[in-house]
Amino acid sequence: MKVKCVLCDKIETIEDESHLAKRLRNRPIHTYMCHQCDKRIEEKTKARIASGKFRLNKPRSQDEEW
């Protein structure tokens, strides 16, 4: 199965029977990201977390009041 990275538009081939290929076929909303882009985002996210300026906004539970 041929897939295209949503960030760099690189076209790659993945195995038709893989879990990723099945997920992409059955749920078109899921997108594919190549390993290089995935790794780059992972590294930048870890650097932001380490800087101390990164704040993760968690969804509020129904028990919390405004």
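Summary table
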item	result
Taking segment 1-61 and dividing mean pair separation by its residue count, relative contact order in percent (alpha carbons under 8 Å, at least six apart)	26
Förster-model FRET efficiency, 25 Å R0, Asn57 and Asn26, C-beta, rounded to 0.05	0.25
Residue-count net charge about Val3 - beta-carbon cut-off 10 Å; Lys, Arg +1, Asp, Glu -1	+2
Stretch gain in nm, segment Met1-Ser18, where the contour uses 0.36 nm per residue and the Cα spacing is subtracted	5.2 nm
Rounded FRET efficiency, nearest 0.05, which uses the C-beta distance separating Asp9 from Arg48 and R0 of 25 Å	0.50
P(r) weight above 14 Å for segment 2-51, C-alpha pairs, percent	58
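We did not get these values from a lab; they are worked out from the coordinates using the rules stated. Owing to the predicted nature of the structure, the values given are computational and were not obtained by experimental measurement. Quick reminder, even Gly has a Cβ in these numbers, built from the backbone with ideal geometry, and neighbours come from all protein chains shown.
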